[in-house]
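The structure appears right after this line, and notes come after that.
The values are calculated or read from the model by the stated rules, or taken from the named source; none is laboratory data. These figures come from a predicted structure and were not determined experimentally. No Cβ is skipped: glycine too gets one built from the backbone with ideal geometry, and neighbour counts run over all protein chains shown.
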Amino acid sequence: MLENTEDFWSESWMNHIEDYLDATPRAGIFIKNYFKDINSVLEVAGGSCRDSRYLANNGYKATGSDFDDKTLKYLKEVKFPNDKLNYSKENAFDLSFNDDKFDLIFHNGFFIYFDNNESLNTMLKEQERVAKKYIVIFVHNKENKKLVKQFKELSQNDDLYKIRFFDKDEIKEIVVESGIKYKEIKILKFGGFFDAFYKKRVKKLPNVLYPFRKMIVPKLYQLQKWENVERICCIVELDK
Ligand SMILES: C[S@@+](CC[C@H](N)C(=O)[O-])C[C@H]1O[C@@H](n2cnc3c(N)ncnc32)[C@H](O)[C@@H]1O
C-alpha cells in the first residue's frame, strides 16, 4: 500500500491529471441516469473531479472535494476557471459539512488505498452523517485476475497502482460492519469491455444506438461475468 499523504498525491497528480481528465466521466454518467431523486452531490477524494464536474455541467448542485489542495487549486484556477463545480478541500475522515447536506455522496477509486477496515468504517460513518439519501462506492474488482496482474506490474514503477482489490461480498460486509443505517445495499458491475462504446462512433455500436449509449452502457456492464468486470459499484440507500 502506498503512503497515502497529501504530498504523495500532489506530486502524483502532476503526472496523471491530464489522463484522468481525458477519460470518460462514466461514474457521473451512471449517477445521472440511475438516480432520479437527487439534486445535490458530493464527490469525496475526487482527484481530477471529472465525475462531479460532469454532474455540475448537467444541472446538479455538485461539489468536488479532496485533501490535496494543490490539485484542487490547479483545477479551479488554471484548468477550469469558469467551472460550475464547487470545490472544497476536505479530509474524508472529517468532512466540514453539516449533517444531511448532500443527497448523494460518492467516491471512485478511493477505498482502494486503505488496507484496514477500521479507516473505511470511520469514513463511512462520516459519509452517513453528511449524506441524506445515498452513498455510492466504486472499488476495483478482485475477481478480475487480469486487472490484478496488470496493476501489480504497473506498481513496480508507480505507487499509484499499489491498491487493494475487493470482492463484492467483502465491500458489502464492510458497509454492514460499519454500523451505518441502511434500507438497502445494492451491488452492481461497473466498467469493462462495454466502455469502448463511450468512444466516438465505434464500429461495434450500431449508429442508431449511439445517442443512447450513456443509458445503455451501465446496463451492458451487468451482462459481463464477474471475472471480466473492472469495478464494483456498491450503492447504499440510507435509512434516515
Ligand atoms: C485515485 S484518486 C481518485 C481519482 C478520482 N476518482 C478521479 O476520477 O480523478 C484518489 C484520491 O484520494 C485522495 N485522498 C486520499 N486520502 C484522502 C483523504 N483522507 N481525504 C480526502 N482525499 C483523500 C487523493 O488526494 C486522490 O486525489
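Within segment 179-188, can one find any residue that is within 16 Å of the ligand (Cβ to nearest atom) and crowded, with 16+ Cβ neighbours inside 10 Å?
no
Restricting to segment 107-120, and then to whatever is within 9 Å of the ligand (Cβ to nearest atom) and within 17 Å of the chain's Cα centre (by Cα), can you tell me which residue is surrounded by the most Cβ atoms within 10 Å (Cβ to Cβ)?
To start, the set of residues in segment 107-120 that are within 9 Å of the ligand (Cβ to nearest atom) comprises 107-110, 112-114, 119.
Right, trim to within 17 Å of the chain's Cα centre (by Cα) and you get 107-110, 112-114.
Values: HIS107: 25, ASN108: 28, GLY109: 16, PHE110: 21, ILE112: 20, TYR113: 19, PHE114: 17.
It comes out as ASN108.
Mind listing just one residue for me: the one in segment 189-202 that is at pLDDT 90 or above and charged (D, E, K, R) and, of those, surrounded by the fewest Cβ atoms within 10 Å (Cβ to Cβ)? Outline the logic, then answer.
First, the residues of segment 189-202 that are at pLDDT 90 or above: 189-195.
If we keep only those that are charged (D, E, K, R) too, we end up with 189, 195.
Working: LYS189: 22, ASP195: 16.
The extreme case among them is ASP195.
Select, from LEU95, LEU147, LEU104, LEU160, the only residue that is surrounded by 17 or more Cβ atoms within 10 Å (Cβ to Cβ), farther than 27 Å from GLN222 by Cα and in contact with a strand residue (DSSP E or B) (Cβ under 9 Å, 6 or more places away or on another chain).
Unique residue meeting the criteria: LEU95.
Hey, does segment 68-78 have a residue that's among the aliphatic types (A, V, I, L, M), at pLDDT 95 or above, surrounded by fewer than 16 Cβ atoms within 10 Å (Cβ to Cβ) and more than 8 Å from the ligand (Cβ to nearest atom)?
Scanning segment 68-78 turns up at least one residue that is among the aliphatic types (A, V, I, L, M), at pLDDT 95 or above, surrounded by fewer than 16 Cβ atoms within 10 Å (Cβ to Cβ) and more than 8 Å from the ligand (Cβ to nearest atom).
Taking segment 58-86 as the region of interest, how many residues are within 21 Å of SER10 (Cβ to Cβ), over 19 Å from the mean Cα position of the chain (by Cα) and not aliphatic (A, V, I, L, M)?
Result for segment 58-86: 9.
Looking at segment 55-108, which of its residues are part of a loop (DSSP other than H, G, I, E, B), in contact (Cβ under 8 Å) with a residue 60 or more places away in the chain and closer than 23 Å to TYR161 by Cα?
Once the filter is applied, which keeps residues that are part of a loop (DSSP other than H, G, I, E, B), in contact (Cβ under 8 Å) with a residue 60 or more places away in the chain and closer than 23 Å to TYR161 by Cα, segment 55-108 yields PHE67, ASP68.
Counting only residues that are without any contact (Cβ under 8 Å) to a residue 60 or more places away in the chain and assigned to a helix (DSSP H, G or I), how many does segment 127-145 have? Step through it out loud before you land on a result.
Residues of segment 127-145 without any contact (Cβ under 8 Å) to a residue 60 or more places away in the chain: 129, 142.
Okay, now just the ones that are also assigned to a helix (DSSP H, G or I), so 129.
So the answer is 1.
Quick one: LYS225 ticks every box in (1) at pLDDT below 90; (2) exposed (fewer than 11 other Cβ atoms within 10 Å of the Cβ) bar one, so which box is it?
Of the numbered conditions (1) at pLDDT below 90; (2) exposed (fewer than 11 other Cβ atoms within 10 Å of the Cβ), the odd one out for LYS225 is (1).
Taking segment 36-54 as the region of interest, how many residues are within 10 Å of the ligand (Cβ to nearest atom) and part of a loop (DSSP other than H, G, I, E, B)?
Result for segment 36-54: 6.
State the number of residues belonging to segment 87-102 that are touching a Phe, Trp or Tyr at 6+ places or on another chain (Cβ under 7 Å) and either farther than 20 Å from SER10 by Cα or among the basic types (Lys, Arg) (or both).
Adding up the residues that qualify gives 1.
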